[in-house]
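Beneath this line is the structure, given in structure tokens, with notes to follow.
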Amino acid sequence: MPKYFGTDGFRGEANVGLTFNHAYRIGRFLGWYYSKDREAHEAKILVGKDTRLSCYMLEYALLSGIAASGADAYNMHVTTTPSVAYITKTQFFDCGIMISASHNPYFDNGIKLFSSLGDKMNDDFLLMVEEYIDRPDSEEDIPFATKERIGKVIDYMDARVMYSGFLTTAVHTPLSGLKVVLDTANGASYALAPSVFKRLGANVTVINNTPDGTNINKDAGSTHIKGLVNKVLEVGADVGFAYDGDGDRCIAVDKTGAIINGDRVMYIWATWLKSQDKLVTNTVVTTVMSNMGLYKALEDEGILYTQTKVGDRFVHEYMMEHGNIIGGEQSGHIIFNDYLNTGDGILTSLLLSEVMVKSGKTLSQLSEKMKDYPQVLVNVIVSDKKATMEDERVKTAVKEAEDSLNGKGRVLVRASGTEPVVRVMSEAMEKKDAEEAVSRVVEKLRDLGYFKGART
């Protein structure tokens with residue numbers, strides 16, 4: 001299992017957990033790996049970033065490392081994660097790199113790697129990268145490129161235009177008259193999302209679209225939805241969409257202020273496709289974090305479902321293996337496999353808008369048959385994720401908490417792939433029962449000395 005790369009890339013506080021040197025060595029390895037058996041400049045690697053202050057530092061480190069090893073680095077500058085995946089695949093890059101810590105605060109940053117197919121890199125390749133990162137300088141065995149083999153750094157802002165064109169053509173129905181509010185989280189989608197919606201004819205209001213390097217995700221975006229709810233109600237919009245810092249998530253808000261999370265998005269899209277006889281495999285791919293209410297609603301519609309580990313990478317791997325076309329996470333990572341092989345917040349919002357226009361219904365109406373089970377989630381900051389998850393006393397406490405629900409709910413405990421956090425979640429028919437089940441597990445973590453803090 002990779003040491004640095006979790007479920008969504010290498011992530012840590014800039015210049016603490018993720019340093020300039022880490023980025024430079026990643027660039028060095030990738031540049032060498034893809035150019036080692038080729039002539040000069042035949043290997044090309046795509047680089048994009050979000051709006052964090054530390055992105056400049058990591059960007060130049062990566063670009064320098066890539067060129068020093070003999071590959072050409074193409075720089076998209078500020079762009080979304082899914083745009084990097086799309087351009088990597090369609091423009092035949094050897095790999096793609098996105099500098100972002102997604103929904104994390106500005107002082108964190110991350111590096112996500114994509115294969116030539118636009119998929120997130122597999123663990124075997126990531127382990128090779130990590131081995132080089134940790135190799136002592138005295139054991140350096142990757143040569144520097146010299147003379148004509150030194151790589152170039154190429155401005156590639158045209159790729160953003162290509163991606164904008166892809167998004168625009170994904171929707172076949174004008175959005176004229178649709179009143180939309182967009183919360184771009186002061187992140188990577190701040191310019192792209194409004195331009196696409198305006199081009200399709202929508203009446204657009206934008207909030208949190210003035211990035212300054214330190215305000216990305218700050219009280220904004222898909223993890224801080226209250227501001228969007230208030231703005232939708234204030235301007236009388238038909239719908240609102242909130243993205244995260246790198247633009248691969250989307251949470252929607254109905255005209256009534258009701259929140260439409262990833263589970264409801266999957267329900268809306270799956271039932272819409274089924275009504276058009278286009279739901280290939282008749283299956284929705286979810287993670288273990290999806291609400292039991294989603295499964296009940298899908299069953300009522302005659303639609304099958306399956307679960308994977310948390311992480312859109314695992315969702316996509318399953319979808320590719322089994323030929324599914326819709327899958328995702330409650331958090332708003334939704335994969336529409338007919339369009340793109342990674343989560344894309346802007347694409348999600350465009351497709352939902354098109355369903356609204358075609359059906360003449362609000363998002364609440366489109367998902368009204370889905371009734372959420374009360375869900376309680378506590379993020380526990382722990383001293384040691386691995387030890388916590390392997391402790392048999394913790395496992396026993398989880399089983400006892402779930403047994404207390406008498407078969408009418410569940411308890412799930414999992415380690416975050418990006419933070420020193422263990423997520424304790426329970427669903428039950430009654431909220432108080434879910435709260436009690438979560439409290440039992442959290443108190444056990446406290447008693448065992450793993451507990452360092454908690455947030456909901």
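Values computed for the structure shown
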| read-out | value |
| --- | --- |
| The one condition in (1) among the β-branched types (Val, Ile, Thr); (2) in a helix (DSSP H, G or I); (3) surrounded by fewer than 20 Cβ atoms within 10 Å (Cβ to Cβ) that residue 154 fails to fulfil | (2) |
| Residue 45 vs. criteria outside the structural domain of residue 328 (by TED's automatic domain parsing) and within 23 Å of the chain's Cα centre (by Cα) | yes |
| Unique residue being without any contact (Cβ under 8 Å) to a residue 24 or more places away in the chain, among the aromatic types (Phe, Trp, Tyr) and either within 28 Å of residue 217 (Cβ to Cβ) or assigned to a loop (DSSP other than H, G, I, E, B) (or both) when the list is 56, 86, 74 | 56 |
| Subset of region 290-347 [among the charged types (D, E, K, R) and over 15 Å from the mean Cα position of the chain (by Cα)] | 296, 299, 300, 301, 321, 338 |
| Neighbours by Cβ (under 8 Å, 6+ apart or cross-chain): first from region 297-319, free of Cβ contacts under 8 Å to residues at least 24 places away in the same chain; second hydrophobic (A, V, I, L, M, F, W, C) and assigned to a helix (DSSP H, G or I) | 304/298; 305/294; 305/298; 308/314; 308/315 |
| Enumeration of residues in region 172-182 that are outside any strand (DSSP E or B) and buried (at least 18 other Cβ atoms within 10 Å of the Cβ) | 175, 178 |
| Some residue of region 362-376 being in contact with a helix residue (DSSP H, G or I) (Cβ under 8 Å, 6 or more places away or on another chain) and among the aromatic types (Phe, Trp, Tyr) | yes |
| Enumeration of residues in region 93-104 that are outside any strand (DSSP E or B), modelled with pLDDT of 95 or more and out of contact with any Gly (no Cβ under 7 Å at 6 or more places or on another chain) | 93, 94 |
| Filter result (buried (at least 18 other Cβ atoms within 10 Å of the Cβ) and touching a helix residue (DSSP H, G or I) at 6+ places or on another chain (Cβ under 8 Å)) within region 256-269 | 260, 263, 264, 265, 266, 267, 268, 269 |
| Candidates 236, 227, 213, 240 - the one that is in the same structural domain as residue 359 (by TED's automatic domain parsing), in contact (Cβ under 8 Å) with a residue 24 or more places away in the chain and surrounded by fewer than 13 Cβ atoms within 10 Å (Cβ to Cβ) | 236 |
| Considering residues of region 110-151 that are part of a loop (DSSP other than H, G, I, E, B) and of a type in the set (Gly, Ala, Ser) only, the residue farthest from the chain's Cα centre (by Cα) | 145 |
| Residue count for region 245-276, restricted to those that are more than 26 Å from residue 211 (Cα to Cα) and part of a loop (DSSP other than H, G, I, E, B) | 4 |
| Residues that are surrounded by fewer than 24 Cβ atoms within 10 Å (Cβ to Cβ), in a loop (DSSP other than H, G, I, E, B) and either of a type in the set (Gly, Ala, Ser) or without any contact (Cβ under 8 Å) to a residue 40 or more places away in the chain (or both), drawn from region 1-48 | 16, 17, 19, 36, 37, 38, 39, 40, 42 |
| Residue check, residue 357 under 23 Å from residue 103 (Cα atoms) and touching a residue at least 12 places away in the same chain (Cβ under 8 Å) | no |
| Failed item, numbered, when residue 301 is tested on (1) touching a helix residue (DSSP H, G or I) at 6+ places or on another chain (Cβ under 9 Å); (2) under 27 Å from residue 186 (Cβ atoms); (3) among the acidic types (Asp, Glu) | (2) |
| Flag if residue 161 is at pLDDT 95 or above, part of a helix (DSSP H, G or I) and loosely packed, with under 15 Cβ neighbours inside 10 Å | yes |
| Residue list for region 420-456, filter: polar (S, T, N, Q) and in contact with a helix residue (DSSP H, G or I) (Cβ under 6 Å, 6 or more places away or on another chain) | 426 |
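Quick grid of which residues meet (1) modelled with pLDDT under 95; (2) farther than 30 Å from residue 439 by Cα; (3) not assigned by TED's automatic domain parsing to the domain that holds residue 237:
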residue: 331; (1), (2), (3): yes, no, no
residue: 335; (1), (2), (3): no, yes, no
residue: 342; (1), (2), (3): yes, yes, no
residue: 345; (1), (2), (3): no, yes, no
residue: 386; (1), (2), (3): yes, no, yes
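Okay, residues lined up against (1) closer than 17 Å to residue 330 by Cβ; (2) touching a residue at least 60 places away in the same chain (Cβ under 8 Å); (3) of a type in the set (A, V, I, L, M):
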| site | (1), (2), (3) |
| --- | --- |
| 365 | no, no, no |
| 371 | yes, yes, no |
| 374 | yes, yes, no |
| 384 | no, yes, no |
| 388 | no, yes, no |
| 392 | no, no, no |
| 396 | no, no, no |
| 401 | no, no, yes |
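The values are calculated or read from the model by the stated rules, or taken from the named source; none is laboratory data. Keep in mind that what you see is a predicted model, and the values were worked out from it rather than measured. Cβ: placed from backbone, ideal geometry, glycine included. Neighbour counts: every protein chain shown.
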